[in-house]
Amino acid sequence: MIANYGYKDGSGEFFISIDTDLCNGCENCVPACPTGALEIILNDYDEKVAAVTDKQRRQLKYSCAPCKPVSDRPVLPCVAVCQPVAIRHSW
Amino acid sequence: MAQEFWRWKEYSWQDPNKSWESGAILTGGVDVGSVSTQAVVMSNGTLCAFSSRRTGSDSPDSARKAMDGALEGTGLTLDQIKYVVGTGYGRVNVPFAHRTITEIACHARGANFMYGPTVRTVLDMGGQDCKAIRCDDKGKVSAFLMNDKCAAGTGRGMEVFADLLSVPLEQIGDLSYQVEKEPPPVSSTCVVFAKTEAVGLLRQGWPKNDVLAAYCSAMAHRVYTLLERLGVENDFGITGGIAKNSGVVKRLEKEMGVTALTARYDPQIAGAVGAALFARTLAQKEGKA
């Protein structure tokens, strides 16, 4: 299942999508995120999956801004460490 | 007091052939929705009893009343139920629940139980929202779409129309087919605007049944767009209160070109059934059984 965390406002759509079928719960993304936006939770089927924290879901545009490529910055750290390629950003 | 046409009946059901003292694993599911609350008791994964109540202003109280309704006459008490899972909008307000699970997962699992493992697309038409869910043969959710923020295409809209036209809610489906010619759907699906439009139609001299037909087909079309976005895979089943409204269901089937499965039980309890099934798995896992 694709879990979309985030919001939409006048300036755009800010969603982090996590494919729970691909995510293996390895926890690599949790320390990789400098703002601590990601956490590991137990979903309805008792599987360990990554999710965006409650607090960060409403401010993703700002939390993720420091990592977003503006000139020659590398790939987003959360995306880079995710081996199963389960994390996607909508913007 | 004048008859309130939108008020549907609260009721309970108990399996008459069930022996309660058989030492089976009893689990419970409570689905506290925005409009109605259902409680289900299952023993070893078979349905024993359920009840359906209106959700009042006090969710914990509604949950308790629904559970009491299901247990009524069985001689069982709440303590005998090993594990209870809460679901629905008010799931955090079930005081006796051991765990909460989202209603999307519960409806998929409940539909899997009620319609059999062939069901792949589930449409949950609830009191205040509407969800299209795709699931696998075990009832596990693989994708879903939700129509939130708007009461169009939901049970609450039907209640508004039942009230406006003084037609008992249960009869809307049949009456909406007693028309000379299928009228065009009302153009707005927003409940408030649709009601305004319906008042206008009545003033133009439209019969009641035509207005009902126009609203039912507007609602069918509205949920069809949701299903279309998700993509329909057979088999298809509908859960939630509107599944009992043939006026919407048959029009939706016609638009989709697919026939919905018929449920073995009241489709409104699907969420609570799913919760009770989850409860059984969790009870076994946590060694309570």
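The values are calculated or read from the model by the stated rules, or taken from the named source; none is laboratory data. Just so you know, these numbers come straight off a predicted model, no measurement behind them. So basically every Cβ, Gly included, is an ideal-geometry build from the backbone, and we count neighbours across all protein chains shown.
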Response to the item:
Scanning region B:246-267 residue by residue, those within 23 Å of residue B:49 (Cα to Cα) and either touching a Pro at 6+ places or on another chain (Cβ under 6 Å) or not aromatic (Phe, Trp, Tyr) (or both) turn out to be B:261, B:262, B:263, B:264, B:266, B:267
Item to complete: Grab the strands (runs of 3 or more DSSP E) fully contained in region B:1-72, keeping just those with 1 or more residues being touching a Cys at 6+ places or on another chain (Cβ under 9 Å).
Response: B:11-14, B:26-32, B:36-43
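Residues are listed down the side, and each one gets a yes or a no for (1) surrounded by fewer than 20 Cβ atoms within 10 Å (Cβ to Cβ); (2) part of a helix (DSSP H, G or I):
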| residue | (1), (2) |
| --- | --- |
| B:206 | yes, no |
| B:219 | no, yes |
| B:228 | yes, yes |
| B:243 | no, yes |
| B:253 | yes, yes |
| B:259 | yes, no |
| B:262 | yes, no |
| B:270 | no, yes |
| B:279 | no, yes |
Discussion item. Being touching a residue at least 40 places away in the same chain (Cβ under 8 Å), within 17 Å of residue B:13 (Cβ to Cβ) and of a type in the set (A, V, I, L, M) is the requirement here; does residue B:71 meet it?
Written reply: no
Item to complete: Output the qualifying pairs, or none if there are none: Cβ atoms under 6 angstrom, residues six or more apart or on different chains, first residue in region B:30-49 and of a type in the set (Asp, Glu), second residue buried (at least 24 other Cβ atoms within 10 Å of the Cβ) and assigned to a loop (DSSP other than H, G, I, E, B).
Response: B:31/B:88
Fill in: Residue count, region B:123-170 (criterion: more than 14 Å from chain A (Cβ to nearest Cβ) and either loosely packed, with under 15 Cβ neighbours inside 10 Å or among the hydrophobic types (A, V, I, L, M, F, W, C) (or both))
17
Practice prompt. Give, as residue ranges, the helices (runs of 4 or more DSSP H) completely inside chain A that count at least 2 residues that are in contact with a Phe, Trp or Tyr (Cβ under 7 Å, 6 or more places away or on another chain) and at pLDDT below 95.
Written response: A:60-63
Worksheet item: Can you spot a residue in region B:80-99 that is surrounded by fewer than 20 Cβ atoms within 10 Å (Cβ to Cβ), part of a strand (DSSP E or B), more than 15 Å from the chain's Cα centre (by Cα) and not small (Gly, Ala, Ser)?
Response: yes
